Each structure stands twice: as structure tokens, then as C-alpha cells.
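Working notes, structure below.
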Amino acid sequence: MFKKILIANRGEIALRIIRACREMGIKTVTIYPSSIDTDQFLESKLSDESYCLGEEGILGYLDQRKIVQIAKKSGANAIHPGYGFLAENGDFADLCKKNRIKFIGPSGDTLRKLGNKIEAKKIARKIGLPLIMGSEIAVKNEKELLKIAKEIRPPFLLKAANGGGGVGIKIIEKENEKELLEIFQKLKRETKSAFGSEEIFIEKFIKNPRHIEFQILGDGKGKVIHFGERECSIQRRNQKLVEEAPSPFLDKKMKKKMGKMVIKFGQYLKYESLGTIEFLVGEDKRFYFLEVNPRIQVEHPVTELVTGIDLVEQQIKIAAGEEMTLGQKDIKFSGWAMEFRIYAEEAANNFQPNEGVITNYLAPTGKGIEIHSFCQPGQRVFPFFDSLLSKLVVFNKHRSGCIERAKRAFDEYIIDGLPNLIPFYKALLNNQKFLDGNLSTSFIENENLISELKKEKLPKKDKVNSQKGENEELARTVAYLYLAKKKEEPKGQEISRWKMAERAKVFEEQ
Ligand code: ADP
Ligand code: ADP
Ligand code: MG
């Protein structure tokens, strides 16, 4: 087993990994940015060692060489990337390998394959997973785009092959060549700056689908098991807000069929580590492959609660070369779990993210509750990091009990100082359709939750990010890249494309 692991991440996921390591007797090393007050980083306090990256904001967390250097200096034998930042970066996985440090995740080659949605779809097709109708190749030029658009017909989506975190997806609702070309060019520019790639493909838009995904674990030698499904249909901006396990929609037969297929997918790749195969499921219960996330996911705690298995522990054991003793038969399901992602966002204002200071903080406790958070009173919420403050995870025997428990927990939860999603979840937990499990990825648009919220008094804001508009993340990315460029590169020198892509990819998540 590893003696020491460097955690190349921050916030709640860094704490989650520290806690797993402590229970396994593994020492931990964390990293923190520069000029920011180190008291603000709970992971620095809870780990055995913590090193300064010497760069403000997210840049240090993307500095592959520096992170490897710190790992070597501290004597860490492995690096856990968490999610976001370098978690899906094949080149970083290779760099770790070159330096004889174990990257806790799949191989560089697997990461590169799965990081491109078109490539992932090719694999899915090979093993017989149903695909959403679409171009299946990157659209080369405008002429080809118009031709494919005529065949597929709106509504369809233009998607960045390397997109993630809900960014790089644009809907085309009606036939209008001029508008289509404009959106295509705009998305191309945006994805180039955000993900370092211009690859865009087309996918038919599925109306009111559910997002249902399967958690897998592979040993890298061909053994793969799954931990059942999670439903993540409550979303905004194509990114999840609430996740639950099991799904209130899947029947036994579908579960079995999808479970078999995800195992086949993992076996085809001789998949190593944790991974998630995402699907969209139509109102007619037909399911379609969406993409693979080759890393630990934000919503992994709901799976842990219904299976009783510590997924991070399993992930670390496999990375350390231990034999995978768990078999499919060992995975038993009981109870119901729900996770609510509490972002520092104002739901009534188009879910706009905020920065500021948490003036008062008190988390709920008690039976069936897990809090995954780095927050404390006086916590600063920085504009350049993901605005996720906390994940409230509840567990109970049945879905209705879970909902009652979540209501109780939100009544106890105090996060003062900046707007956050607690009022939104209180409204959601009183919505009949939600209570009935009648969900879809368009739930928030289709229901009247937001206008009801607007009537309520919202918590006082300390400081609000001035950037507005529907593409908040992108605006932040571009602004940040601009600042980074100004700060780092001497006048007149071109910033390297590689550097831009690295920064942009990750900043896109913020
Ligand atoms: P990301 O890499 O950003 O997670 P995904 O392809 O997984 O991108 O899609 C994210 C979300 O966008 C889905 O959960 C779903 O809500 C929506 N979405 C993606 N593709 C489609 C589609 N073809 N039809 C309808 N909704 C879609
Ligand atoms: P999950 O996929 O775990 O359900 P998210 O889509 O919210 O959750 O992603 C978790 C974090 O990782 C977010 O901050 C997101 O922006 C970031 N992220 C997701 N996909 C990518 C990617 N392809 N590249 C960089 N960051 C990503
Ligand atoms: Mg996805």
C-alpha cells in the first residue's frame, strides 16, 4: 500500500480523499495557492504536509511539473487528482508514470480516448450501446454542417467533443441557416479557448430526458464490476444539482441490461479505477449512451450510501496493485440516498455564481446525514474556484424518508453571507412532481420554482460577481485567461496553445 499520497485538488473532494487516507493509515500531502490566506484551506490543516504552489487562483493546480516536483520532494508515491483540474488529463497521468509516481485513475491513453466524446461514442458503438442519432464525426466545415443539419433536423445540439461540466453545448431549435452558422462559429471560438480543441459534433436533442449513470470499477486487468445507477436529472446549465440512488425510473429489467452493458464497456478497455458511464433515458424508457467520466464523480457519496462501500478506498487499493476482491455478487443495494449540491449561486437570478465571505456557518448533523464541505465561519469564497460550497447527502430506507430528512436538514443548515442554493432546495422539496419522482433534465425550466423563489426574500449578499449573462462560466474563463496571460507572459510573447488549453479546460469548470 502507498505510504503517502499527494492530493492534487482542493475543497470538499480534497477533504474526502484525506479522510479515506487517514482511515487507511496513509499520510497525505496537499497543495495550496499563494497569496491567499492559508487559513482558508482546511485541507492544508487536515493533511500531514502542505506545500505552496506559488501561484494565485487555479494556475498552480494545473502546473503539472510543479505538482510532480512536490510529490517527489515530499516522498509521495501516488497522486490523487480528485475531479476537475488534472483528473482527466492523459498527459499528466503519463508524466506521473514517467516519474514513477502512481496516478490514481485510468492510464493516459484511456483518459485521452474517453476525454473526446466522439471517440468514446465509437467505443460504445463497437460494444453495442445505443447512441443518440448524430453526426458521429467532428463537423469539418460550414458546408458539411448545413448538410448534416438537413438530415438530422432541429431540435439538435452542437457539442464540443472535449467539453465537460455542462459547458460547450448549444441547442439549435429551429431551421435557420444563418443562425446555425453563427452559433457554430461562436461555439468553435469558445471551445477553442476553453478546451483547446475546435472539434464539434451534432447530436439530436432528446426532449425531457432523464440523466441516469452507472458507476463502474475495474482492476486494469479485465475485471470490472458496477455499483448500480444514479439519477442526476435535476440540472441547470446542463450540470447536475441533485443526484439520487437508486433511480425512481429504472425497472429491474433495464437495470440489469444497462449493468451488463457498462461492464462490457469497462472490459473492452481493460478499465482501471473508478469510472462513470452516463446515459440519457427518454420518456419512452429507451436509453442512449452519452459519455464516460473517467474519474471519481461529485455525486459518488449516494452510491456509497446505498452499497455501503467506500469508493475512494477501493480506488486507492486498486491503484496500489491490490487484488480486487469485490465481485458483482458482493454489491448489494439497500435504502435510498440523495445529494444536493449547494453552490454559492442565486437561483432567482439565473443561478448566477457569487463570491464573498461566509459570515455564519452551521451544518446539520444527526441520523442519515453526511456533509461534504470545506466551509467554516469566515470562509472566503473565491471567484476563480468552483462555487460548490457543500454537498448535503441524506440516506433513509425509502425515497419519501429521504425527502423528509433533507427538509429537516435544510431547516437546520445555516450558510450566511452570500446567496446559495438552500432556498432553492427548500422550494424543490415542496414540489409535487419532485416528490413523485417525476423528473427530467428540463425540470427547472418546466416547473415554476424560480418565479416562486423570486417572491421570497433572498439572503443578503456581501459581494456579487459583476459578470452576468447566460454564459457566466465562459465569461469567467476568458477573463481569467486574459489576466493570466497579462500577468505571466512578457509583452508581445504568444502564450503557448498547450498552456492555454490546460488552463482553460480546468477553469471552465469554475
Ligand atoms: P458534459 O461533458 O458537459 O457533462 P454531457 O454530454 O454529459 O456533457 O451532457 C450534459 C447534460 O446535457 C446532460 O446530462 C443532459 O442534461 C444534457 N444533454 C446532453 N446531450 C443531450 C441530448 N442529446 N439531448 C438532450 N439533452 C442533452
Ligand atoms: P460530475 O461530472 O462529477 O457529475 P461536474 O460535471 O459538475 O460533475 O464536474 C465536476 C467538476 O469537474 C466541475 O467543476 C467541472 O467543471 C469539472 N469538469 C468536468 N468535466 C471536465 C473536463 N472535461 N475538463 C475539465 N474540468 C471538468
Ligand atoms: Mg456528462
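Values for this structure:
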quantity	calculated
Cβ pairs under 8 Å, 6+ apart, first in segment 381-406 and assigned to a helix (DSSP H, G or I), second hydroxyl-bearing (Ser, Thr, Tyr) and modelled with pLDDT of 95 or more	Ala406/Tyr425
Of all residues in segment 318-347 being within 18 Å of the chain's Cα centre (by Cα) and either part of a loop (DSSP other than H, G, I, E, B) or basic (Lys, Arg) (or both), the one that is farthest from Lys223 (Cα to Cα)	Ala344
Selection from segment 286-317 of residues that are touching a helix residue (DSSP H, G or I) at 6+ places or on another chain (Cβ under 7 Å), farther than 19 Å from Ile263 by Cα and either modelled with pLDDT under 95 or within 14 Å of ligand 2 (Cβ to nearest atom) (or both)	Val312
Any hit, segment 434-456, residues being surrounded by fewer than 18 Cβ atoms within 10 Å (Cβ to Cβ), out of contact with any His (no Cβ under 9 Å at 6 or more places or on another chain) and at positive phi	yes
Boolean, Leu241 is within 15 Å of Gln215 (Cα to Cα), surrounded by 19 or more Cβ atoms within 10 Å (Cβ to Cβ) and assigned by TED's automatic domain parsing to the domain that holds Ala337	no
Count - residues of segment 78-95 that are touching a Lys or Arg at 6+ places or on another chain (Cβ under 6 Å) and more than 16 Å from ligand 2 (Cβ to nearest atom)	1
Residue match in segment 178-192 (condition: assigned to a helix (DSSP H, G or I) and within 16 Å of ligand 3 (Cβ to nearest atom))	yes
Single condition Gln315 does not satisfy, out of (1) closer than 20 Å to Gly115 by Cα; (2) surrounded by fewer than 24 Cβ atoms within 10 Å (Cβ to Cβ); (3) touching a Gly at 6+ places or on another chain (Cβ under 6 Å)	(3)
Residues of segment 278-297 satisfying the condition of being over 18 Å from Glu203 (Cα atoms) and either within 11 Å of ligand 3 (Cβ to nearest atom) or more than 10 Å from the chain's Cα centre (by Cα) (or both)	Asp284, Lys285, Asn293, Pro294, Gln297
Filter result for the condition that a residue is over 30 Å from Ile318 (Cα atoms), free of Cβ contacts under 8 Å to residues at least 12 places away in the same chain, within 16 Å of ligand 2 (Cβ to nearest atom) and charged (D, E, K, R), over Lys192, Lys178, Lys159	Lys192
Residue in segment 114-122 that is under 26 Å from Glu299 (Cα atoms), β-branched (Val, Ile, Thr) and over 17 Å from the mean Cα position of the chain (by Cα) present	yes
Check on Glu291, surrounded by fewer than 24 Cβ atoms within 10 Å (Cβ to Cβ), within 11 Å of ligand 1 (Cβ to nearest atom) and of a type in the set (D, E, K, R)	yes
Filter pass, Ile206 being assigned to a loop (DSSP other than H, G, I, E, B) and more than 22 Å from the chain's Cα centre (by Cα)	no
Residues satisfying the stated conditions in segment 44-70, i.e. closer than 16 Å to Ile18 by Cβ and not in a helix (DSSP H, G or I)	Ser47, Asp48, Glu49, Ser50, Tyr51
Any hit, segment 250-271, residues being more than 19 Å from Ile18 (Cα to Cα), assigned to a strand (DSSP E or B) and out of contact with any Cys (no Cβ under 8 Å at 6 or more places or on another chain)	no
Filter result for Lys207 (more than 16 Å from Ile127 (Cα to Cα) and either away from ligand 1 (no atom under 12 Å from the Cβ) or among the β-branched types (Val, Ile, Thr) (or both))	no
Residue count, segment 1-26 (criterion: surrounded by 17 or more Cβ atoms within 10 Å (Cβ to Cβ) and not hydrophobic (A, V, I, L, M, F, W, C))	6
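The values are calculated or read from the model by the stated rules, or taken from the named source; none is laboratory data. Bear in mind the structure is a predicted one, so any value in this text is a computation, not a measurement. Please note: Cβ atoms are built from the backbone with ideal geometry, for glycine as well, and neighbour counts cover all protein chains shown.
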